[in-house]
Amino acid sequence: MTMNVNANEDVIVCKDVHLWYGEFEALRGVSLTVKRGDVIVILGPSGSGKSTFIRSINRLEEHGAGEIVVKGIPLTHDVRDIAEIRREVGMVFQQFNLFPHLTVMENITLAPINVRKWSREKAEETAMKWLTRVGIPEQAHKYPGQLSGGQQQRVAIARTLAMEPEVLLFDEPTSALDPEMVKEVLDVMSDLAKEGYTILAVTHEMGFARGVADRIVFMDYGEILESDHPDEFFDNPKHPRLKLFLSQILHH
Amino acid sequence: MTAITESMTQKLNAAFEGRINWRYFLQDNVTGSWYLAVWVVVLAAATVAYTINQMNVAPLTTIIILILWLVGLGFAIANGLFKKRTAIGSWLKTNLLGSVSNAILSLLLVLILAAAVRGIWSWAVTNATFDPELTKPEFRNPDGATWGVIPGAWELLMVGRLDREALPRVQMALGYIVVLGVISIGANVAGYLKKIRPLRSILLGLWAITPIIVYILLAGVSAEGDFINSKTLLIGEAVVVGLFLLLWWQRTVKFSVVNLVIWAAAWPVAYLIWRAIGKSEMFPPINVATWGGLMLTIIIAVSVIILSFPLGMVLALGRRSEIRGIPGWLLWPVAAILALWGLFVSTPSILGDIRNQADYVLAFWPILILGFAYLLQKMFQGNVVAAASTTFIEVIRGAPLITLLFMAIIMAPFFLSEGATLENVWAVIIGYSLFSSAYMAENIRGGLQALPKGQFEAADSLGLNTFQKMRFIILPQALRIVIPAIVGQFIGSFKSSSLVAIVGLFELLGMVAVIVSNPQWLGLRKELFVFAGVIYFIGSAVMSWYSRRLEAQLGVGER
Ligand SMILES: Nc1ncnc2c1ncn2[C@@H]1O[C@H](COP(=O)(O)OP(=O)(O)OP(=O)(O)O)[C@@H](O)[C@H]1O
Ligand SMILES: [Mg+2]
């Protein structure tokens with residue numbers, strides 16, 4: 001991977017992002033700058049707006065005010081900009097969201113062939129490369145319904161990576177998995193982090209947050225309350241609500 | 001019922017130890033509750049009465065049935081009481097003779113069934129005549145069917161008043177479809193479709209041009225070239241080239257000069273072929289108003305099915321579309337200006353020329369513009385596509401089919417240019433297809449709604465555009481979900497095509513009405529309706545069989 005050529009470049013810039021669901025304000029002025037190669041973990045209580053925030057980065061949710069710029073492209077109503085950004089930003093969902101009527105191979109090659117306009121051969125070659133990377137090349141011709149949860153999530157990751165995005169968004173990728181499958185997915189994520197992908201992950205896996213993240217962001221009530229290096233974040237929390245949150249999740 | 005059966009089994013199982021408890025047995029089967037007791041008594045009385053009655057009518061059958069019933073009962077009892085478990089005994093016990101009331105009911109129903117079969121058999125076979133020459137009232141047996149009417153009126157039933165000169169062309173059309181169908185099914189069953197790629201494309205291509213071939217055979221091509229003229233040539237060319245560019249943009253076809261030339265030449269070539277067919281006078285025009293019988297039923301049903309499906313799909317997607325609506329700041333001023341313009345221009349002129357009371361109200365129609373604008377904004381956030389689709393669907397679904405058929409015929413001239421006419425058959429097919437597409441849209445929308453939101457989101461996040469998302473992800477899944485509903489609707493369209501008799505088209509049932517008023521076949525309703533019923537049943541059964549097959553085929557990989 002030769003992604004670090006331009007390290008320190010701002011890949012995602014969010015300025016004072018607000019988002020409303022009808023009358024309800026789910027994001028109240030979120031500002032965050034993500035540099036190339038950053039691994040950022042977002043923590044916060046349920047309903048604090050974590051999902052809403054990372055989903056607004058690839059326009060699965062539409063922000064109402066403020067500015068989101070991805071790789072220099074401002075996120076507006078312009079469908080061409082949205083398409084461009086979605087090519088560069090991959091997303092992995094809590095529920096995997098694999099396409100049940102397509103085989104694993106078809107799941108992975110669909111977007112490269114139709115969006116990136118690759119030939120089928122190239123797409124399948126790349127797909128096999130990624131399936132090998134996530135450790136399940138032998139499952140290529142099965143349907144998602146025939147795989148375990150952990151395998152499905154790894155296929156979903158391979159599907160996202162096959163588009164060769166620069167930024168990866170993870171929304172609680174391990175929350176729907178049985179405990180024994182969590183590790184296989186986290187291992188893949190750690191590897192990706194080491195390889196220099198720019199990652200924004202919502203997760204409750206504290207080990208991953210502490211060990212892999214460059215920065216941890218704490219959200220509550222649609223705001224970022226604290227953003228810090230993991231050691232500082234866990235050992236020396238400043239905001240009272242973060243202290244409360246940490247005491248709740250770490251003490252049992 | 002199961003509870004009763006189960007506890008009875010327990011009691012009976014206890015019986016081989018000689019401990020059958022008759023008190024429990026009676027309680028389970030008769031005296032358990034007062035309505036059970038009443039039911040058993042009434043049932044027993046009715047069965048005894050009916051058995052005696054049948055003894056007089058048909059002693060032999062009744063005695064055979066009674067003996068069989070007693071033997072069956074013996075098996076069932078042996079099964080329960082004496083550890084003599086036999087397959088037939090177990091089957092009888094679970095299915096027919098599980099309890100006292102079930103046992104009685106079985107006897108009664110078998111007797112009734114036997115009587116019915118006997119009656120039908122004697123009418124349809126024993127007392128029936130089959131000779132087409134002996135259908136006149138004076139030759140008929142009042143207790144038997146006169147099946148001769150079916151072969152006698154065969155051509156009327158099949159093609160109606162169609163010119164008999166044109167029969168070979170109908171046979172050619174039928175032959176074409178049958179041969180193509182047999183080849184397709186055969187190739188599919190033998191597995192050649194998957195092995196030989198070109199075969200699949202060729203068959204698909206032949207199916208795709210089937211409507212055109214059938215049209216040429218059954219409607220014919222006039223030497224003047226009908227609606228094909230320089231104007232349609234130009235429009236057609238634009239459409240074909242536009243389609244090519246669209247497909248190229250979607251990367252479904254490769255762009256190359258050769259490809260473009262082939263596409264661009266397609267329409268003119270088709271035009272020349274059409275003219276050549278017309279000039280050759282091989283297939284001179286047939287008056288479509290003479291179409292009738294089963295042929296017309298099939299033409300209408302198949303056209304409606306073919307047209308309503310894509311139309312319904314467009315309407316369903318339209319109704320769910322989330323395009324950016326016309327914003328209020330634009331809509332309101334425009335609506336206000338239009339309304340004001342109407343009020344100042346149209347209203348005074350109508351008021352100045354009042355013909356009746358209603359005109360006083362009508363004159364203020366521009367106010368409606370504001371009403372529509374309000375609804376558009378309030379209900380659809382200015383989304384014109386969703387508003388138009390929804391309105392179309394709801395209006396069509398709010399009207400009975402018959403109304404629409406009349407409307408199609410009466411209104412058709414208003415949509416046509418001066419001097420042009422539209423045969424009733426076409427008007428009916430269009431009207432019926434619109435009707436059907438509204439229901440189709442709702443069926444398909446049901447399938448779209450059933451898909452988890454995550455499927456849409458995954459497709460979006462991968463960067464697929466709307467067309468690709470629908471084509472590859474959403475529709476394949478949504479349509480599979482609604483296959484039963486869609487095929488149900490196809491079956492409905494097939495059967496309801498009989499309604500076109502009301503607007504003067506003589507499809508199968510319309511022809512039946514014509515045939516029974518013919519002196520030769522006067523009043524032979526039963527025979528003809530049984531025949532029509534069998535045809536409708538076969539058509540519907542084939543469709544539902546195919547739907548189940550399709551479902552199973554598309555179910556691959558589904559959880
Ligand atoms: N489609 C929606 N319509 C209305 N409100 C919504 C919608 N989606 C989310 N919300 C609200 O927005 C707030 C933020 O939701 P979000 O899903 O971002 O929370 P979260 O931090 O991801 O929580 P969790 O940890 O439970 O996933 C919540 O209060 C939620 O109820
Ligand atoms: Mg969430």
The stretch A:111-122 - residue that is without any contact (Cβ under 8 Å) to a residue 24 or more places away in the chain and within 7 Å of chain B (Cβ to nearest Cβ) and, of those, surrounded by the fewest Cβ atoms within 10 Å (Cβ to Cβ):
A:LYS117
Failed condition for A:GLU62, given (1) touching a residue at least 40 places away in the same chain (Cβ under 8 Å); (2) part of a loop (DSSP other than H, G, I, E, B); (3) within 11 Å of chain B (Cβ to nearest Cβ); (4) surrounded by 15 or more Cβ atoms within 10 Å (Cβ to Cβ), with all others met?
(4)
Just one of the numbered conditions (1) closer than 19 Å to B:TRP274 by Cα; (2) at pLDDT below 85 is not true of B:GLY205; which one?
(2)
Note on A:MET91: of the conditions (1) assigned to a strand (DSSP E or B); (2) touching a residue at least 60 places away in the same chain (Cβ under 8 Å); (3) touching an Asp or Glu at 6+ places or on another chain (Cβ under 8 Å); (4) more than 14 Å from every other protein chain (Cβ to nearest Cβ), unmet is (4)
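A:VAL41 - would you say it is of a type in the set (Val, Ile, Thr), more than 14 Å from chain B (Cβ to nearest Cβ), in contact with a Gly (Cβ under 9 Å, 6 or more places away or on another chain) and crowded, with 17+ Cβ neighbours inside 10 Å?
Working: of a type in the set (Val, Ile, Thr): yes; more than 14 Å from chain B (Cβ to nearest Cβ): yes; in contact with a Gly (Cβ under 9 Å, 6 or more places away or on another chain): no; crowded, with 17+ Cβ neighbours inside 10 Å: yes.
No.
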Checking A:PHE53, A:PHE96 in turn, the sole residue that is more than 18 Å from A:VAL11 (Cα to Cα) and aromatic (Phe, Trp, Tyr) turns out to be A:PHE96
Here are B:LEU174, B:LEU193, B:LEU167: which of them is of a type in the set (A, V, I, L, M) and either closer than 15 Å to B:MET511 by Cβ or within 25 Å of the chain's Cα centre (by Cα) (or both)?
B:LEU174
Applying the selection to the stretch B:402-448, what residues are part of a helix (DSSP H, G or I), free of Cβ contacts under 8 Å to residues at least 12 places away in the same chain and of a type outside the set (Ser, Thr, Tyr)?
B:ILE410, B:MET411, B:PRO413, B:PHE414, B:PHE415
Quick check on the stretch B:462-473: of everything there that is surrounded by fewer than 21 Cβ atoms within 10 Å (Cβ to Cβ) and assigned to a helix (DSSP H, G or I), which residue is farthest from the other protein chains (Cβ to nearest Cβ)?
B:MET470
Looking across the stretch A:56-101 at residues that are among the polar types (S, T, N, Q) and under 16 Å from the mean Cα position of the chain (by Cα), the single one that is nearest to ligand 2 (Cβ to nearest atom) is A:GLN94
Any pair with Cβ under 7 angstrom, 6 or more apart, that starts in the stretch A:140-152 at a residue that is of a type in the set (Lys, Arg) and ends at one that is part of a loop (DSSP other than H, G, I, E, B)
A:LYS142/A:THR103
When the residues of the stretch A:195-206 are narrowed to those that are touching a helix residue (DSSP H, G or I) at 6+ places or on another chain (Cβ under 8 Å) and away from ligand 2 (no atom under 16 Å from the Cβ), which ends up nearest to the other protein chains (Cβ to nearest Cβ)?
A:ILE199
Tally, over the stretch A:25-40, of residues that are within 15 Å of ligand 2 (Cβ to nearest atom) and farther than 19 Å from A:VAL69 by Cα
1
Among (1) farther than 30 Å from B:SER498 by Cβ; (2) under 24 Å from the mean Cα position of the chain (by Cα); (3) polar (S, T, N, Q) - the single one B:THR403 does not satisfy:
(1)
Of the residues A:ILE82, A:ILE57, A:ILE73, only one is more than 13 Å from ligand 1 (Cβ to nearest atom), among the aliphatic types (A, V, I, L, M), more than 10 Å from chain B (Cβ to nearest Cβ) and on the phi < 0 side of the Ramachandran plot; which?
A:ILE73
Find the residue count for the stretch A:194-205, including only residues that are touching a residue at least 60 places away in the same chain (Cβ under 8 Å), more than 16 Å from ligand 1 (Cβ to nearest atom) and surrounded by fewer than 21 Cβ atoms within 10 Å (Cβ to Cβ).
2
Out of the residues in the stretch A:168-183 that are more than 14 Å from every other protein chain (Cβ to nearest Cβ), of a type outside the set (Asp, Glu) and more than 17 Å from A:PRO45 (Cα to Cα), state the one that is farthest from ligand 1 (Cβ to nearest atom).
A:LYS183
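Matching residues to (1) within 22 Å of the chain's Cα centre (by Cα); (2) buried (at least 18 other Cβ atoms within 10 Å of the Cβ):
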site: B:LEU448; (1), (2): yes, yes
site: B:GLY454; (1), (2): no, no
site: B:ILE483; (1), (2): yes, yes
site: B:PHE494; (1), (2): yes, yes
site: B:SER497; (1), (2): yes, yes
site: B:ILE515; (1), (2): no, yes
site: B:ASN518; (1), (2): no, no
site: B:LEU522; (1), (2): no, no
site: B:ARG548; (1), (2): yes, no
Can you work out which of the residues in the stretch B:141-174 that are surrounded by fewer than 19 Cβ atoms within 10 Å (Cβ to Cβ) and touching a strand residue (DSSP E or B) at 6+ places or on another chain (Cβ under 9 Å) is farthest from B:MET295 (Cα to Cα)?
B:ASN141
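The values are calculated or read from the model by the stated rules, or taken from the named source; none is laboratory data. Not measured: the values here are computed from a predicted model. Neighbour counts are summed over all protein chains in view; Cβ atoms, including those assigned to glycine, are modelled from backbone coordinates with ideal geometry.
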